[in-house]
Every structure is written in C-alpha cells, then in structure tokens.
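> Can you keep this structure in mind? I'll have questions shortly.
The values are calculated or read from the model by the stated rules, or taken from the named source; none is laboratory data. Worth saying up front: this structure is predicted, and the values here are computed from it rather than measured. Positions of Cβ are backbone-derived with ideal geometry, glycine not excepted, and every protein chain shown enters the neighbour counts. Keep in mind that these areas ignore ligands, DNA and RNA; they rest on the heavy atoms of the full protein, side chains included. Shrake-Rupley method; radii C 1.70, N 1.55, O 1.52, S 1.80 Å.
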Amino acid sequence: MTVRLRAHHLLCLLTYVGKGYSPAFTANYDGIVARLGGGEDFLIVSGADDICAPLLNEPEPHCRGESATERDELAARDIGELLGRTVLTGDRLGLDAPSLARMRKAFSSGLTRTACPGCEWFELCGTVAASGFSGTRL
C-alpha cells in the first residue's frame, strides 16, 4: 500500500507529536506515521489526502480550502529545492533516516517553512523544531 500525502503534510510530519484536531484525527495520523516509519512509500496528491480523511465529513473541512492548496504549492517548491528536484502530484517518494534528518534541518533553519505562516499549528511546530524534534512520532 502507499500513503497518499499532500505536499504540505510532508512538513507537518516532521513535527508531529500526537496533537491534532480530534481523537479520530490523531489515531489516523498515528497509523500513517507508523506506516511511513515502517518504510512504506507515499504518493504526492493534489487536495485532501490520507491525513485529512477524518476531517472530510465536516461541513467545511479546511483540507479542501484555498489556504491548504496554497500551502501545498509552497511546500512542494521548498521541498523540491531541498531535494534538488521538482516535487509534483503523482510522485512516489519514500522517507529514510537521512532524508528525514535533512528535511528537519532545513525546517529548523526556516528554509522549508514558507508554507507555514498562518497555520494554527505554526507555534507548536516551531517549539518542536527548537527542541530538536523531541517527542516526534516519526
């Protein structure tokens, strides 16, 4: 199986410490992190992804909003620059320890955070990064 991820969730994964919008959201996120940590690859998708799934039955899920789409575009650009390649919808990628460390270093320095301002989790993610990613689940 392959995890379906929108581009900005590649950044969110870096600082995920088990906090989320609801218990169902967090349980789903924990399952996705376990799959990725176990070596499962992921597919870059446009729009709502596997992390968004528990929110999609809400009347107006933010996963389908314009701000999430804008975050995806910015995150894909930043991650692509870091990886030295274009990140596009339909790309199948994997996360190994060296690439995760490289992405976290870039995140900590701010190189890959242009998608983050305005996100309600911005401060938490900054705190997690400043702690050396202590308590992260991936």
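> Out of all the residues in the stretch 86-99, is one or more under 12 Å from LEU138 (Cβ atoms), outside any helix (DSSP H, G or I) and among the acidic types (Asp, Glu)?
yes
> Please tell me if ARG102 is assigned to a loop (DSSP other than H, G, I, E, B) and open to solvent by 60 Å² or more (accessible area, probe 1.4 Å).
So ARG102 fails the test.
> Of all residues being open to solvent by 60 Å² or more (accessible area, probe 1.4 Å) and touching a residue at least 40 places away in the same chain (Cβ under 8 Å) in the stretch 85-95, which is nearest to VAL33 (Cα to Cα)? Just the residue, please.
By that ranking, first place goes to ARG92.
> Now, a different point. Which residue, of LEU56, LEU11, LEU36, LEU43, is in contact (Cβ under 8 Å) with a residue 40 or more places away in the chain and out of contact with any Asp or Glu (no Cβ under 9 Å at 6 or more places or on another chain)?
LEU36
> Hey, another quick one. So, in the stretch 18-33, how many residues would count as being over 20 Å from VAL128 (Cα atoms), touching a residue at least 12 places away in the same chain (Cβ under 8 Å) and not aliphatic (A, V, I, L, M)?
Matching residues across the stretch 18-33 total 1.
> Hey, can you tell me all the residues within the stretch 33-81 that are part of a loop (DSSP other than H, G, I, E, B) and within 22 Å of THR136 (Cα to Cα)?
Once the filter is applied, which keeps residues that are part of a loop (DSSP other than H, G, I, E, B) and within 22 Å of THR136 (Cα to Cα), the stretch 33-81 yields GLY38, GLY39, GLU40, ASP41, ASP49, ASP50, ILE51, CYS52.
> For residues in the stretch 39-84 being closer than 20 Å to ALA24 by Cβ and among the acidic types (Asp, Glu), which is most open to solvent (accessible area, probe 1.4 Å)?
Among residues in the stretch 39-84 that are closer than 20 Å to ALA24 by Cβ and among the acidic types (Asp, Glu), the one most open to solvent (accessible area, probe 1.4 Å) is GLU60.
> Quick one: how many residues across the stretch 6-30 are surrounded by fewer than 18 Cβ atoms within 10 Å (Cβ to Cβ), within 14 Å of the chain's Cα centre (by Cα) and either small (Gly, Ala, Ser) or at pLDDT below 95 (or both)?
1
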